[in-house]
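Enquirer: I have a structure I would like to understand better, so I am pasting it below and will then ask my questions one at a time.
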Amino acid sequence: MSTQTPDENKGRQRKVYIKTYGCQMNVYDSQRMSDSLDAQGYHMTDSADDADLVLINTCHIREKAAEKLYSDLGRLRKKRRKSGRDITIGVTGCVAQAEGQEIIRREPAVDLVVGPQTYHRLPQILQQVAKGEKVVETEYAVEDKFARLPLPKKDITRQRGASAFLTVQEGCDKFCTFCVVPYTRGAEISRPMAQIIAEAKKLAEAGVRELTLLGQNVNGWHNEGANGRKLKLGDLLYRLAEIDGLQRLRYTTSHPRDMDDALIAAHRDLPMLMPYLHLPVQSGSDRILKAMNRQHTAADYLRLIEKIRTARPDIALSGDFIVGFPGETAADFEATLHLVREVFYASAYSFKYSPRPGTPGAELGEQVVEAVKDERLQALQTLLTRQQQQFQQSRVGLVTPVLIEKPGRHEGQMIGRSPWLVPVAVTTQAPAGATVDVKIEEAKSNSLVGTGLAEVAQEPISFLSLDI
Ligand code: SAH
Ligand code: SF4
Ligand code: F3S
């Protein structure tokens, strides 16, 4: 705990270290917290060793993710004692929201616990902590946190690179029976279009070329437009495509139920929308999908994939899978493997079911034993890895635009992003932020290798008479 008052701290260079777990939304939130703290005179540091303030931005999605918090906190407590320095310790994110006061009970070294809905109050919270209070803030704020969080300075955006995240939607009303997100992130909200456009413009002016829109159900984003017309994610994408400087758009994570025809059409008609889609299905068994409350069948999902592929034949598909949900039989698991074979994924994430406190799934009988989960996870991952390798191998010989991001390991080599999100090691002299046509020559397990041919000239993009 800090014993200095804010006045005593004035003029002194203070440092904050933020450790981020979990999904992209947590990465974005950590950036927004650091922007807010920057305005208070805190500068980012990349180690807890010289930090005055350490924030652990946590994830509650699976038990393992949540448990990491307490081992981190134990280490920090020891570090603080040994160094004799005044280090303020804070817990933010989804474990903070789910466990609140319990965190301080379990680890009294913690000074503040702040849930995702109240990050804009961090400066005041730190003042309370400086006065010696312990603060737990897990109420859902009525005010709009996004409107109150400062945007990053130009040079900070530049340092973060040519590709940036932007949260457009937060929370979830779907209540899948395995998932904590509706409890940790609250009800679904969509940020206003004008606010999103303003933030995107600022990012583009600072050099961002690729924007990934984030939301727990990003394709559920909606606003009311002129004449009361409902605006959906497809409309937002077209509007963002008009911003000077932006060259690529992506969005994640989507729910199959919210994949409407207009959004699918945007994949066909909007070249800036990259040919990559993360569309989790979780299971290929209708019985398990029903028990998970996913509200669609395997056949619905396959039909959707077919529609998307018709609209954008070169799209790379990605997904999430859970094995060992309560009641999952060998036949149910076989149905998942069958679905994977039908779809053919370019990449995917798969997890063993982890019963989470407070979710309906945790209360179900017929929990699957660990050894069976292990076996199924291995079988699924073997299949998914094979598909991923096949996908990457199929890129060899193609010439594709790559967004250059940072220097590679070798002289004259840069790392960039392919349209399908797979990283590419490119032999090129082009700087970060440039887009280069690259001849793909080799596929490695998680990346591609190629030679830069020519920098792609970027035409200003304009879409006329959009009715939004
Ligand atoms: N909103 C997204 C998913 C967010 S959570 C969607 O609806 O698809 C990210 C992934 O974590 C999920 O897709 C799921 O595969 C996995 N996950 C969530 N809860 C889990 C649990 N209790 N056990 C194992 N994996 C889980
Ligand atoms: Fe969780 Fe389901 Fe909501 Fe995704 S849609 S965040 S899996 S409850
Ligand atoms: Fe984890 Fe919260 Fe994201 S639980 S996955 S950090 S929304």
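Enquirer: Given the condition away from ligand 2 (no atom under 16 Å from the Cβ), open to solvent by 10 Å² or more (accessible area, probe 1.4 Å) and either in contact with a strand residue (DSSP E or B) (Cβ under 6 Å, 6 or more places away or on another chain) or not in a helix (DSSP H, G or I) (or both), answer yes or no: does some residue in segment 178-191 qualify? Talk me through it step by step, then tell me what you get.
Expert: To start, the set of residues in segment 178-191 that are away from ligand 2 (no atom under 16 Å from the Cβ) comprises 191.
So of that shortlist, the ones also open to solvent by 10 Å² or more (accessible area, probe 1.4 Å) come out as none.
No: segment 178-191 contains no residue that is away from ligand 2 (no atom under 16 Å from the Cβ), open to solvent by 10 Å² or more (accessible area, probe 1.4 Å) and either in contact with a strand residue (DSSP E or B) (Cβ under 6 Å, 6 or more places away or on another chain) or not in a helix (DSSP H, G or I) (or both).
Enquirer: Of the residues that sit in segment 37-71 and are assigned to a loop (DSSP other than H, G, I, E, B) and within 13 Å of ligand 3 (Cβ to nearest atom), which one is farthest from the chain's Cα centre (by Cα)? Give the derivation first.
Expert: Restricting attention to segment 37-71, the residues satisfying the condition of being assigned to a loop (DSSP other than H, G, I, E, B) are 39-41, 45-47, 51-52, 59-62.
Checking the rest, the ones that are also within 13 Å of ligand 3 (Cβ to nearest atom) come to 59-62.
Values: 59: 12, 60: 14, 61: 13, 62: 16 Å.
Among those that are assigned to a loop (DSSP other than H, G, I, E, B) and within 13 Å of ligand 3 (Cβ to nearest atom), it is 62.
Enquirer: Output the number of the condition that residue 62 fails; it satisfies all remaining conditions of (1) open to solvent by less than 50 Å² (accessible area, probe 1.4 Å); (2) within 16 Å of ligand 1 (Cβ to nearest atom).
Expert: Result: residue 62 fails condition (1) only.
Enquirer: Looking at 117, 97, 127, which one is out of contact with any Phe, Trp or Tyr (no Cβ under 9 Å at 6 or more places or on another chain) and either open to solvent by 10 Å² or more (accessible area, probe 1.4 Å) or assigned by TED's automatic domain parsing to the domain that holds residue 15 (or both)? Working first, answer last.
Expert: Details: 117 fails: out of contact with any Phe, Trp or Tyr (no Cβ under 9 Å at 6 or more places or on another chain); 97 fails: out of contact with any Phe, Trp or Tyr (no Cβ under 9 Å at 6 or more places or on another chain).
Every option except 127 fails the conditions.
Enquirer: Does residue 215 meet the test of being under 14 Å from residue 28 (Cβ atoms) and either within 16 Å of ligand 1 (Cβ to nearest atom) or open to solvent by 10 Å² or more (accessible area, probe 1.4 Å) (or both)? Show your work before the answer.
Expert: Details: under 14 Å from residue 28 (Cβ atoms): yes; either within 16 Å of ligand 1 (Cβ to nearest atom) or open to solvent by 10 Å² or more (accessible area, probe 1.4 Å) (or both): yes.
Here the answer is yes, as residue 215 does meet what is asked.
Enquirer: Also, quick follow-up: Give, as residue ranges, the strands (runs of 3 or more DSSP E) completely inside segment 374-451 that count at least 3 residues that are open to solvent by 50 Å² or more (accessible area, probe 1.4 Å).
Expert: The strands (runs of 3 or more DSSP E) meeting that bar are 399-407, 435-443.
Enquirer: Have a look at 175, 165 and point out the one that is open to solvent by 50 Å² or more (accessible area, probe 1.4 Å), touching a Leu at 6+ places or on another chain (Cβ under 6 Å) and either outside any helix (DSSP H, G or I) or under 24 Å from residue 94 (Cα atoms) (or both). Explain how you work it out, then say what you get.
Expert: Details: 175 fails: touching a Leu at 6+ places or on another chain (Cβ under 6 Å).
Criteria check complete, one pass: 165.
Enquirer: Just the residues that are more than 16 Å from ligand 2 (Cβ to nearest atom), β-branched (Val, Ile, Thr) and open to solvent by less than 30 Å² (accessible area, probe 1.4 Å), please, taken from segment 299-335.
Expert: 305, 308, 315
Enquirer: Looking at the structure I just gave you, is residue 151 open to solvent by less than 50 Å² (accessible area, probe 1.4 Å) and away from ligand 2 (no atom under 16 Å from the Cβ)? Full working, then the answer.
Expert: On the way: open to solvent by less than 50 Å² (accessible area, probe 1.4 Å): no; away from ligand 2 (no atom under 16 Å from the Cβ): yes.
So residue 151 fails the test.
The values are calculated or read from the model by the stated rules, or taken from the named source; none is laboratory data. Note that the structure is predicted; figures quoted are calculated from it, not measured. Please note: Cβ atoms are built from the backbone with ideal geometry, for glycine as well, and neighbour counts cover all protein chains shown. Remember, those area values only see protein heavy atoms, side chains included, never the ligands or the DNA or RNA. Shrake-Rupley method; radii C 1.70, N 1.55, O 1.52, S 1.80 Å.
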